[in-house]
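Worksheet: the structure to be examined is printed underneath.
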Amino acid sequence: MLSRIRPADYCAPALIRALVIFAFATIIPETFAQNPIIVSATAAASRPRVVSAPKSPAGSLPIAAGEIEKRAFDLTNAAREKKGLPPLAWASELCAMARAHSESMVRRGFFSHVTPDGSRMTDRARAAGIAHFRALGENIAYNQGYDDPGGFAVENWMLSPGHRANILNPEFQESAIGVFVAADGTVYLTQEFIRR
């Protein structure tokens with residue numbers, strides 16, 4: 001699901017130029033085995049950017065959330081708690097995976113759950129050292145011109161049925177958000193969810 005939201009749609013000041021794009025995907029392996037099936041996915045949207053190789057994900061040390069990541073994570077858990085769902089635990093390896101994907105989208109000039117070389121969410125999870133899972137989900141977004149980009153992303157993910165389904169999925173137990181800010185100030189967010 002891909003949506004474009006204009007600043008006027010959310011009463012943003014007319015002087016702020018804003019750009020917002022969202023997408024989601026959920027993968028739940030059949031009978032919780034090794035063969036994942038895509039439940040929902042999005043069409044890709046391309047934006048021209050300078051192409052360069054992304055940095056590899058962080059090592060095995062715990063990864064703390066940055067300010068935007070923590071804001072989005074806390075709001076995600078607040079939305080779950082309002083629906084009587086348990087909060088998600090922060091997962092460092094999901095953060096490394098999410099940050100790497102956000103940076104890759106900026107540096108390689110694409111906006112999709114699938115990289116230009118064909119790597120899908122499950123491929124990226126395995127590359128981040130996540131070999132076994134029962135369910136895996138992802139929301140992506142980018143926006144520009146907002147004081148609270150993490151809060152704005154979660155607010156708009158909750159307005160989208162597919163994104164909201166990932167956030168409120170009772171199967172998911174852990175999550176993380178990875179942010180990368182482009183040279184022009186555009187904030188890219190990748191939100192990962194997992195049930196092991």
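The values are calculated or read from the model by the stated rules, or taken from the named source; none is laboratory data. In this text the structure is predicted, and so the values were computed from the model without any measurement. All Cβ positions, even for glycine, are placed from backbone atoms using ideal geometry, and neighbour counts span all protein chains on display. With ligands, DNA and RNA removed, areas are computed over all heavy atoms of the protein, side chains included. Shrake-Rupley method; radii C 1.70, N 1.55, O 1.52, S 1.80 Å.
List of remarks:
- Phe73 vs. criteria open to solvent by less than 50 Å² (accessible area, probe 1.4 Å) and in a loop (DSSP other than H, G, I, E, B): no
- Cβ separations smaller than 8 Å between residues 6+ apart or across chains give the following pairs from segment 69-87 residues that are under 11 Å from Ala153 (Cα atoms) to residues that are of a type in the set (Gly, Ala, Ser) and assigned to a loop (DSSP other than H, G, I, E, B): Phe73/Ala65.
- Every residue from segment 80-93 that is assigned to a helix (DSSP H, G or I) and within 16 Å of the chain's Cα centre (by Cα): Ser92, Glu93
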